[in-house]
Amino acid sequence: MVKTVDQLSDSLGGLEGKRVLVRSDLNVPLDGSTITDDGRVRASVPTIADLMRRGAKVIVAAHLGRPTGAPEAKYSLAPVATRLGELLDAPVTAATDTVGASATAAVDAMGNGAVLVLENVRFNPGETSKDDAERGAFADQLAALADAFVSDGFGVVHRKQASVYDVAQRLPHAAGGLVLAEVEVLRRLTEDPERPYAVVLGGSKVSDKLGVIDNLLAKADRLLIGGGMVFTFLKAQGHEVGKSLLESDQLEVVRRYLDQAERSGVDIVLPTDVVVAPELSADAAATVVGVDAMPPDQIGLDIGPESGAAFAAALPDAKTVFWNGPMGVFEFAPFAAGTKAVAQALADSDGFSVIGGGDSAAAVRQLGFSDDAFGHISTGGGASLEYLEGKSLPGIDVLED
Ligand code: ADP
Ligand code: MG
């Protein structure tokens, strides 16, 4: 059984004055020191605020970007700590290290209900080490800062890392509300989903998503495919795809998926037209062509308008929808319409729609949709995909007592 924060509190005779280490997912996109999408910070607020209300000393551990085990100014969590303070409407202290002198002194100085953000855990090589002893040594140091651990960073629960996995073995622990909510949503998608169940896949590479396609082909009624990965499907069907993203080494696999879908009665919806351009830029000369007429010197960068309408039409009656991966290069306006058409169809539908994937979540927000327009926007791309592939998540398993 995985404990809730309530149950953890009961087992410790309350959290007032207890030092609680919370692993949050604060890995937000930054432009310099400006946060361009604070969705993950927002999603982390309820658990932190709850622990504050309980009088705990809340020590937040998180990572940002991909530093390689040493401090790097551009990956500092300091701007994120500032944003967290604004959202909590409370003072938030930021340590300049993770387990060193600054962190220790800052923890010692905390009052009940205070919040401290440790510096990027990935500044420490022990965080992501494949060596159990090296990871364990870092986890020992993290654990020494606290009396209890709350795992709330859903975006990292598929990682066997010190601040996610090893530290849970060293402290009384619980799952935070965000992790519990995310797992509950994923359970609804995998165990007996309400039908029809439609899955929309896009994004850049088909090789990133093979496991999910494999698993969902057996569960979904309908599979809509767009994004960069669609060109491997179109090529597998015999179309020329010009200079579009193509993974030639996956053609056989994709053919097998198409056959399997046919045999098991899963509807595969592929685009009939695409938006092409000679190069990828915001002012590219974009044109719409049929999938059987892609010019050899152009790149497919979005599904076309006819396909956008067809995709949208395949969604309103679905009772359950899982969407991962934008339909086109939504970052540039000429290639955003396909993603917008799918987002609009889901926003208008009464079915339960779940959006997973960092870029997909950023896309719907950037296109002006509010989070409430959808059933759930997952904070974890990789974690939700691994769950849907049927893999177990080490950061969840370790919380089982
Ligand atoms: P997520 O983070 O939601 O799982 P991915 O990381 O798989 O999604 O893919 C997102 C990226 O895919 C976006 O940056 C988008 O620009 C890119 N993409 C979408 N369509 C295409 C395309 N036709 N060609 C190249 N890249 C594409
Ligand atoms: Mg991505």
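The values are calculated or read from the model by the stated rules, or taken from the named source; none is laboratory data. Here the structure is a predicted model, which is why all the values come from computation and not from measurement. Cβ coordinates were reconstructed from backbone atoms using ideal geometry, including for glycine residues, and neighbour counts include every protein chain displayed. Only protein heavy atoms, including side chains, enter the accessible area calculation; ligands, DNA and RNA are left aside. Shrake-Rupley method; radii C 1.70, N 1.55, O 1.52, S 1.80 Å.
In units of the compact-protein estimate 2.2 N^0.38 Å, segment 1-143 shows a Cα radius of gyration of 1.03. Projecting the Cα atoms of A70, M110, V164 onto the charge dipole of segment 56-201, computed from C-beta unit charges around the Cα centre, puts A70 farthest toward the positive end.
Need one number: the % of Cα-Cα pairs in segment 267-356 sitting beyond the 22 Å mark. Of all Cα-Cα pairs in segment 267-356, 27 percent lie more than 22 Å apart. By the Kirkwood approach, averaging reciprocal distances over each pair of separate Cα atoms, segment 249-290 gets a hydrodynamic radius of 12.9 Å. Evaluated on segment 162-291, the Kirkwood hydrodynamic radius is 17.4 Å, with distances taken between all distinct Cα atoms.
Segment 171-220 has equivalent-ellipsoid semi-axes of 26, 16, 9 Å, by the square roots of 5 times the alpha carbon gyration tensor eigenvalues, sorted largest first. Heavy-atom accessible area with a 1.4 Å probe sorts R256, R53, largest first, into R53, R256. With N counted as the residues of segment 95-134, its alpha-carbon radius of gyration over 2.2 N^0.38 Å works out to 1.36. When only alpha carbons of segment 223-327 are considered, Rg and Dmax amount to 13.9, 43 Å. Would you mind checking the pairs K235/K319; K235/K340; K130/K235 and listing those with alpha carbons more than 27 angstrom apart? Flagged as over cut-off: K235/K319; K130/K235.
Starting from one equal scatterer on each C-alpha and no solvent at all, send me the Debye-based log10 I(q)/I(0) for segment 8-71 at q = 0.27 Å⁻¹, two decimals. Each listed q corresponds, in turn, to -1.13. Once the convex hull of the alpha carbons of the chain is built, what does its volume come to per residue, in cubic angstrom? Output value, Cα hull per residue: 140 Å³.
Highest mean packing first, where packing is the average number of other Cβ atoms within 10 Å per residue, the peptides 118-130, 101-113 line up as 118-130, 101-113.
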